[in-house]
Amino acid sequence: MTSFLKTAAIAAGVALLPAAAHAQAAAAPAAAATGVAIVDLDAAIANSAAWQSARAQIETTYKVQITAAQTRQNALQAELNALRTEIETLQKNPATPKTTLDAKIATFQSKGQAAQAELQRLALPFARPQAYAREQIEAKAEQALKAAMTAKRIGIALRPEATIAASSDITADMVTQLNALVPSVSITPPANWQPGQAEQAAAAGR
């Protein structure tokens, strides 16, 4: 069910990575810090106490909706897999008319788009609380990262995929800082709340 929460949020167009994750590197404020470390920002968010608690609440509160959406996702995937297999079989047959193959491909694409739209609608009831909870944690991500870097005397922190070697991994240290900064969050977004509002407001204030 947990993995489906993430899949559903992606299908619903909800950004799961904190704003800080878009940066290639972060610089620590302390001039004396010279070490280089890696940090998995998404893992830090996911392993924070606030997110673990919020996720458990969402899975309990929206269990019926999540189960229904997951069941529908499995059914839609089975339909698309069958159609994909049919297309692959037609492609292997030199006698298959191009018009027949093109029609099957068009049908596959159309069904895929419709499935994505349907899953997005089904995921919305629990994707919004999920996104709202994460956004509250993400708002403290940059502060938590800088605190972790300062504590470990790290001058530069890079995402795992951005470096081959680093002196240390401060993901766990960032989790500790997040737990101190935001021990819990709400899973009930205001009626007029939309994903990304906090980030947009912060950007406008710069």
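Could you work out how much longer the chain between Arg121 and Asn179 gets when fully extended? Use 0.36 nm per residue separation minus the Cα distance between them, nm to one decimal.
Length difference between fully extended and current span is 17.6 nm.
Each residue of segment 63-75 was assigned a 3J(HN,Hα) from its phi angle through the Karplus curve 6.51 cos²θ - 1.76 cosθ + 1.60 (θ = phi - 60°); the sequence is 4, 5, 5, 5, 4, 5, 5, 5, 4, 5, 4, 5, 5 Hz, with glycine and proline shown as x. Here the Karplus curve 6.51 cos²θ - 1.76 cosθ + 1.60, taken at θ = phi - 60°, turns the phi angles of segment 91-104 into couplings of 5, 7, 9, x, 7, 5, x, 4, 5, 5, 5, 4, 5, 5 Hz, with x standing for Gly and Pro.
Compared with the alpha-carbon gap, the fully stretched path from Gln113 to Arg153 is longer by 9.6 nm at 0.36 nm per residue.
Here Lys146 is the anchor, and the aspartates and glutamates within straight C-alpha reach of less than 17 Å, apart from those fewer than 8 places off in the same chain, are Asp40, Asp42, Glu138, Asp169, Asp173. Multiplying the residue separation of Gln194 and Thr67 by 0.36 nm and removing their Cα-Cα distance gives an extension gain of 43.3 nm. The 3J(HN,Hα) values that the Karplus relation (6.51, -1.76, 1.60; θ = phi - 60°) gives for segment 46-52 are, in residue order, 5, 9, 5, 4, 5, 6, 4 Hz. Gly and Pro appear as x. Taking each pair of distinct Cα atoms in segment 46-152 once, what is the resulting Kirkwood hydrodynamic radius in Å? Evaluated on segment 46-152, it is 17.4 Å.
Listed by chain and number, the aspartates and glutamates whose alpha-carbon sits under 20 Å from that of Lys98, ignoring those within fewer than 8 places in the same chain, are Glu86, Glu88.
Every number in this text was worked out from the coordinates using simple rules, so none of it is lab data. Given the structure is predicted, the values throughout are model-derived calculations rather than measurements.
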